Structures are given as structure tokens and as C-alpha cells.
């Protein structure tokens, strides 16, 4: 599915709208009741040529934000800008946006080339221009050899490429992707992630807003990630920033997965389950409750710094790694271990450890809310 007015001819696929996306205190209520918001006071800017992932669980507001940009929902307050242009009151077809949805929404009675040409024909582009842009978009998405096929003759991954080609054919400055890989199996999803990354490199001027609940997709593709929860923006930053220094428990758990351990701040470290743990406590108040965030792949087996004694409660083989679930003082600690040739068994006593610099201290109890 695509919407918007196309750009001029020539010069490659780009230019229907330029300058990025800006939300200014945007709130949306689907039932018209401002007291029941699907999106609350969103302030967010997507720079020109930037890939911004909206990451969060179902009902977090991420798709609502994307629909507000597309023009499919109207804010009860706030404004939406594309570049310097206020598009809040414009209908979808006047926004110059390309959009790909989860179901691809291809026309089953149309061949691939006609599907890709649909938006251009709706804008009454010249026949020569349509032919040029369709060929360009199909070539860019690797679907040039399938131009005469019908959607039913394509795999799920191929249909998704056609949907992207149709969105790109109008040369949008903004591309909206709403869970575009969720209907694909794991192998196809991995391949399409690589294709989307390649497209991003080939379209450096196109701003992309990418909605997903899959942290791997967000970490792989995005220049920055906006973490959404319960209609609100919880955090925004680069994948590295959010992974290494999350702002709160929800962000830590949703971006990469984490051990979140309840601790009490002491002098030069914290107390976890009666064990002194050395971590950076700068800015924390001695005696205060806090949460220690440690990524599972940074937890080692055996003796080392910040050693914890526990009992194995479960072990899962994940191909490249074993994940151990270890009970330590009544709390579960996860460890992802590579090349574990002789893994411990259920009920075994084990020692875990992690380096002080690999742990981040978070405010206690700042999870979902």
C-alpha cells in the first residue's frame, strides 16, 4: 500500500517529500475521547535519511504514530510535519508518502508491474515515466524478472519486495513500514532484513519510520530506536545507547533482554541477595533500592569478578549458545554461554560472574507504567 504524490522524473528514487518527520505533542484517540488516548503527547523527530524504529509491545502506540504520519488518523492535539510542511490536516494522497503494511495489500488480479505502477497511474503520470519508474523500482528490489507474474505466483518474501517496490515507485521522501516482516518465516525474515539494510544504503535521502515489536529488526536496521509503551514514548537513542545504557527497566528488557536484579546501594557497590557486588554507583544514594541490569551474554560461568553462587533451574541449547537459568538467592539469573562442551545439568551448583563495567544501575521499580 502506498500513498502520496510522486516526485518529478529522473534522478533516482527519492524526493516526493523531503526533510524528515516531526511529531509535536501529538495525541490520538480513536474513539474521539481525549481521556482514552492511543498515543499521548508524542514529541519525536526523524531526520532526513534516518531510519527510526518504533519498538514496543502491542498497544504501545507505535502503529498509531505511523498512521498519524500517513494521514489515516487525525490527532486530537499536536501537529505532524514532513520537513517544514505541516501535514496534520492534509489527506493521505497529498502527503507524498510510501507505505508498506504487514499484509502487503497487493491486488491479486494485477501482474507485478501493474501493482507497482498503481500509485503512479493514480497520479496520472506519463506512460514513459511510469515505465521508467516501475523498471527502476523492480530492479532495486530484485524483482525485475517477475514483472509479468501475479501475486499468487510469488512467495511471501517476493510479495513483500513488490509491496516495497510499489511504495518506492512514487519516489517518496518518507517511507513507512508497518511490521513488514512479521508474516515471514525466520529464514525469509533474515534475508529481508539484509535487503532492507541494502535499500537504506541505496536511498540515503529517504527517511524511514519502521514499526516493529521485534528487537532484532530494530537493532539491525535502525539509526535510532524510539521505545514505546502504553501510548507513550519511553526512551529514544541509538541502538548502542539503549543497549548499553538503558534509561529504565522497561527499555532494558525490551531492547536486547536483560537480567534485572533488585539491589541495595552501598559504598562502592551494591548488595544482591546478600552478596556484595562491585559496580559504578555514581549518583546513587547509599541505602537506596535500585535495579542492576546485566545482559545475559556478559555473564560467565565459573570463578571471576562479582561471583554469584546458584543452582541451575533450566538449560536451553540455542545452537550457538546455551542459556542457563540459575537461581541465586531466590532470583533468576540468565547466562548465555558459547562453546559450552560439557554444560551443567538441572540442579547442579554453579558459579556465575560478570565484570563491574558490564553492569548498569537503574532506578528501582521504573518498569511499565
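Which of the residues that make up region 258-278 are part of a loop (DSSP other than H, G, I, E, B) and within 32 Å of the chain's Cα centre (by Cα)? It would help to see each step written out before you state the result.
So the first thing to find is which residues in region 258-278 are part of a loop (DSSP other than H, G, I, E, B), and the list is 258, 267-268, 273-274, 278.
Selection gives 258 alone.
Please report, ordered by residue number, the helices (runs of 4 or more DSSP H) entirely within region 184-257 with at least 3 residues that are within 26 Å of residue 292 (Cβ to Cβ), touching a residue at least 24 places away in the same chain (Cβ under 8 Å) and assigned by TED's automatic domain parsing to the domain that holds residue 143.
Values: elements: 186-202, 215-221, 239-244, 249-254.
Correct list: 215-221.
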Original post:
Given the conditions (1) surrounded by 14 or more Cβ atoms within 10 Å (Cβ to Cβ); (2) closer than 29 Å to residue 226 by Cα; (3) more than 27 Å from the chain's Cα centre (by Cα), which single one is not true for residue 83?
Top reply: (3)
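Residue-by-condition table, conditions (1) touching a strand residue (DSSP E or B) at 6+ places or on another chain (Cβ under 7 Å); (2) assigned to a loop (DSSP other than H, G, I, E, B); (3) on the phi > 0 side of the Ramachandran plot:
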| residue | (1), (2), (3) |
| --- | --- |
| 285 | yes, yes, no |
| 292 | yes, no, no |
| 303 | yes, yes, no |
| 306 | yes, yes, yes |
| 309 | yes, no, no |
| 313 | yes, no, no |
| 322 | yes, no, no |
| 326 | yes, no, no |
| 357 | no, no, no |
Subject >> Conditions (1) more than 25 Å from residue 19 (Cα to Cα); (2) modelled with pLDDT of 95 or more; number of the one not met by residue 88 >> reply: (1)
Original post:
Which residues, counting only those in region 154-209, are surrounded by fewer than 16 Cβ atoms within 10 Å (Cβ to Cβ) and under 14 Å from the mean Cα position of the chain (by Cα)?
Top reply: 182, 197
Original post:
Would you call residue 98 crowded, with 20+ Cβ neighbours inside 10 Å, within 22 Å of the chain's Cα centre (by Cα) and either over 20 Å from residue 26 (Cα atoms) or outside the structural domain of residue 171 (by TED's automatic domain parsing) (or both)?
Top reply: yes
Original post:
For residue 347, all conditions in the list (1) under 34 Å from the mean Cα position of the chain (by Cα); (2) more than 24 Å from residue 360 (Cβ to Cβ) hold save one; what is the number of the exception?
Top reply: (1)
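Residues checked against (1) in contact (Cβ under 8 Å) with a residue 24 or more places away in the chain; (2) buried (at least 21 other Cβ atoms within 10 Å of the Cβ); (3) farther than 23 Å from residue 19 by Cα:
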site	(1), (2), (3)
36	no, no, yes
43	yes, no, no
47	yes, no, no
52	yes, yes, no
55	yes, yes, no
60	yes, yes, yes
63	yes, yes, no
68	yes, yes, no
78	yes, no, no
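Results for (1) farther than 26 Å from residue 239 by Cβ; (2) loosely packed, with under 15 Cβ neighbours inside 10 Å, shown as yes or no for each residue.
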position: 260; (1), (2): no, no
position: 270; (1), (2): yes, no
position: 299; (1), (2): no, no
position: 306; (1), (2): no, no
position: 320; (1), (2): no, yes
position: 336; (1), (2): no, no
position: 354; (1), (2): no, no
Original post:
Got a sec? Which of 177, 154, 188, 181 is modelled with pLDDT of 90 or more and closer than 24 Å to residue 54 by Cα?
Top reply: 177
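The values are calculated or read from the model by the stated rules, or taken from the named source; none is laboratory data. Here the structure is a predicted model, which is why all the values come from computation and not from measurement. Ideal geometry is used to build each Cβ from the backbone, glycine not excepted, and the neighbour counts take in all protein chains shown.
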